[in-house]
Structure formats: C-alpha cells, structure tokens
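Peer 1: Below: one structure in structure tokens.
The values are calculated or read from the model by the stated rules, or taken from the named source; none is laboratory data. What you see is a predicted model, and the numbers here were worked out from it, not measured in a lab. Note that each Cβ is placed from the backbone with ideal geometry, even for glycine, and that neighbours are counted across all protein chains shown.
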Amino acid sequence: MRKPASWGFLAILVLTFIIGFYLRNESGSETRVVSPFRADTRDYYMYAYNLRYKQSYSRDITSLTDHRHPVTPDAVRSPGYPLFLSIFVDGPPDNRTIAKIVFAQMILSNLVLVLAYCLYIRFLPDFWAVAALLLTALSPHLIVANSYLLTETLFCLLLVLSGWLLSLFFLRPSLPLAAVSGLVLGVATLIRPGLQYFPLILAVILIVHYGRRKGFYFVAVLLLGYLVILSPWIIRNLKMLHSISDDTLKINFLHHGMYPEFKYDGLDKSYGFPYRYDPRSSEISKSSASVLNEIARRFRDEPAQHLKWYIFRKPAVFWSWNIIQGIGDVFIYPIHRTPYQSNLFFRWTHRLMRYLHWPLVLLCAAGSLMVWLPQLNYKYPDKSLYVARFVSALLLYFTAIHVIGAPFPRYSIPLRPFLYGMAIFCLHMFYTSVKSRKVNI
C-alpha cells in the first residue's frame, strides 16, 4: 500500500499536468503545417474518405474529383488510423476538418499524460513517477506529433493504455484483464502492424512469471482478444485480395533500412532517401525474397560496414533526436508557424529536452538490460518488477524490429513515454544501490 500523498506532492503533480496540458493545447492551436495533405497523410485521409463515401477501403485519390469513379480496394496500410479519421472526414480535406482532427489528437495526447502517470506509479515511487511524467509532458516530439495527421499520437495512446492495463493485470491477474489487454493490443496493431509479434514475446513473459498451467490460460485469453480484433481485417484481405496482407510496406521497410547511414554509396545528397538514388531500387523491391537476397549480398560483399550499421548504428539512429525523413529537429512536414519558434517557454523546454536526450537514451538502454538481472527479484516487489520488465520488453522489441528494417526516428516517437519511464527507473536503481551501500558501511 502506498502512503497517502502529501499536499506538496499533489501540488507538484498537478503543476506537472498543467504544464503538459498547456504545451499540448497551445501547440495544437498555434501550429500551422505547410500543405498538410501530403505523403502518408494523403493515404490515410483517402482511406477514411473512401470508407465514408465509397464504402471501400482504398487510397484511390480520384474519388475526390470524380464521385462516380469506382475505387479499387487495397491493403497497403492498416485500417486503424483511417478508421479514426473517418469519424471526422465529411468531405475533401480542408482546414476545418484538419483542425477538428488536430483538436482530437490534442485531447488524446493529454490523456496519454494521465495514463502514463498511472503506468509509472506501478513501478516507480511517487516523486520518481512525477519525474518521468514531467519528461513526458515536456517532450517536443510527443507535442508536435499532434499537429500532423499521422499515426503517432493515436498509437502512443494505445501503447500506454496497453501498458497501464497490463500493470493492473500484474497487480491482480485475471482473465477479463488479460482479454481487455489483448483487445487493446489488437487495436494498436491495426494502427502500426510492427507490433504484431509482440504478443508472442508477452506470452513468454506471462508463462515464465505464472507457470505453464496458469500462464497458459492468461496467454490463451489475451491472444483470443488480440485475434478478435485482427481477424476481420485478415478475413477481409483473404476474401478481397486473396492474401493476409499487402507486403508493400514490409518490403519498403527492409529495403529503405539496408543502406548504411541512410546514404546511397555514401552520397550526402541521398541522406534519408537513399533508395531514390539507387538505380536498382525497382529490381530490389520486387518482392520480399528479392530484398532479402540483396541484403544478404551486401553483407557478403561488405560484412564489416553492414555489421556496424545493423548492430551499432541502427539502434542509435532509431533513438536519435532529429527526424530524418522530415524537415529536421522534431518536425516531420514543413510548418508555417509553431510556438517552438516564438514562445520563450516552448523554446526553453525544447532546449532542455534536447540536452537531456542522449543521457536519457543511455539510461534507458542500461535500465532495459539491468531490469532482467536476477538479483533485482530481491530488491523490488514482484508486481513492480513485472511492469518494468514489460516496459523493457516493449522497448527492446521495437528497437530490434527497426534494426531489421528502417530505423527512422519518427517511429520511436510513440515510445517516448516508455523511454522516460525506463530512464528514471534506471536512475532509481542506481540511487537505491548507492543508498544501500552507504547503509552497509
């Protein structure tokens, strides 16, 4: 049982939430994106538009100008985020519709703060949990993402919600909580399919923690909830496209990540988009087999360079500060204006978080590995340790996935609440270790 919080602690907690809410609300209302209907956003919007007006899941843009034009169903992108957008889409993209979506994402981002704190207190003491919450509240990446019609905000919310639900499960294990956790993980996978293998990692953790018999029941119910969400999408694809999914994004994911330092033959001008400069790109990306064969050939020809890229550089790039396939810093698409240019408080928080970025990443990396040490079983309550190990497993899983494919930093944005939580947990481990040594002297 936790001790009742003091008034001083509650004041600090409320102030932290107020700061986080202010930054998100001010950024959401004052940021203006240049030509927001572009690239990935265009695809997501058209899926939502065609769902609404054509009752077909297609990214065909011709339906905007020719309402009688039949659209061809596809499955290039998962349906989670377009389904969310379809709530707001009531015509061709315009400023009013975009403003409604940004406002909704701003609310979701505020909710992330609440859920993140509910997660942090499951494995961190009170003031340490507030420290992790403050970092999450100040994170420019999480704040700026709300102004783009992209998956980051919604996926972040569902990841943190999954973490909180599983923290409740570890506190009082039950089949209903396992089922709800599986359902939420399923919805999250429909937004970012890269999550699809994580339930198997989670299944191993549950069986190890709860034993084969009890763990099997929990795993079975969790996976059942997970498949309940995914099965309509799989059945639809099998029925309409005669395949479980479209491999286009998976092939691109592997292809775009195979160039060391994101450059084609070391050309600086190709940075971030090396595949555009590779004359063999279309040949390489014909199929999963062709791109895997090309990666294998490159490893044979230049093993040292590619081992360095895949083992050492890719994790660092994935967790780096600058958005590579964007305009730089924390911004993805160009902006007309943002409080990070004009507001002194925004600029100060941006500078602070940028200075803290690599120390926090290194602390997170150390904590993600140390949390699995057997001796921690005697230093932390089981329930807290299970939650911390779940956070570690999620961070290590996504890092591994992006080591295999393209380690674009944009895809680490939804993981920032977990990054900050694990970094603070690592600091707490160091603190308790030093404290115990002083007591023993």
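This table checks each residue for (1) within 30 Å of Glu30 (Cα to Cα); (2) in contact (Cβ under 8 Å) with a residue 12 or more places away in the chain; (3) of a type in the set (Val, Ile, Thr).
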residue: Pro339; (1), (2), (3): yes, yes, no
residue: Leu344; (1), (2), (3): yes, no, no
residue: His350; (1), (2), (3): yes, yes, no
residue: Arg354; (1), (2), (3): yes, yes, no
residue: Ala366; (1), (2), (3): no, yes, no
residue: Lys379; (1), (2), (3): no, yes, no
residue: Leu394; (1), (2), (3): no, yes, no
residue: Ala400; (1), (2), (3): no, no, no
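Peer 1: Can you tell me which residue among Leu185, Leu177, Leu158 is without any contact (Cβ under 8 Å) to a residue 40 or more places away in the chain, more than 22 Å from Arg42 (Cα to Cα) and surrounded by 24 or more Cβ atoms within 10 Å (Cβ to Cβ)?
Peer 2: Leu158
Peer 1: Shifting gears a bit: Looking only at residues that are in a loop (DSSP other than H, G, I, E, B) and at pLDDT 90 or above in region 244-264, which one is surrounded by the fewest Cβ atoms within 10 Å (Cβ to Cβ)?
Peer 2: Lys263
Peer 1: So Ser290 clears everything in (1) crowded, with 19+ Cβ neighbours inside 10 Å; (2) over 29 Å from Met422 (Cα atoms); (3) among the hydroxyl-bearing types (Ser, Thr, Tyr) except one condition, right? Which one?
Peer 2: Going through the list (1) crowded, with 19+ Cβ neighbours inside 10 Å; (2) over 29 Å from Met422 (Cα atoms); (3) among the hydroxyl-bearing types (Ser, Thr, Tyr), Ser290 breaks only (1).
Peer 1: Need the failing condition index for Phe123 against (1) more than 25 Å from Ser29 (Cα to Cα); (2) in a helix (DSSP H, G or I); (3) among the hydrophobic types (A, V, I, L, M, F, W, C), just the number.
Peer 2: (2)
Peer 1: Looking at this structure, is Phe170 assigned to a loop (DSSP other than H, G, I, E, B) and either on the phi < 0 side of the Ramachandran plot or surrounded by fewer than 24 Cβ atoms within 10 Å (Cβ to Cβ) (or both)?
Peer 2: No.
Peer 1: Take residues that are under 30 Å from Leu241 (Cα atoms) and touching a residue at least 24 places away in the same chain (Cβ under 8 Å) and tell me which of the helices (runs of 4 or more DSSP H) falling wholly in region 1-101 contain 2 or more.
Peer 2: Passing ranges, in order: 39-53, 80-85.
Peer 1: Okay, moving on. Suppose the filter is assigned to a loop (DSSP other than H, G, I, E, B), at pLDDT below 90 and charged (D, E, K, R); does Asp278 pass it?
Peer 2: Taking the combined requirement at face value, the residue does not satisfy it.
Peer 1: Further, regarding this structure: For region 220-251, give me each residue that is under 23 Å from Ala406 (Cβ atoms) and either in contact with a strand residue (DSSP E or B) (Cβ under 6 Å, 6 or more places away or on another chain) or of a type in the set (A, V, I, L, M) (or both).
Peer 2: Residues satisfying the conditions are Ile244, Leu249, Ile251.
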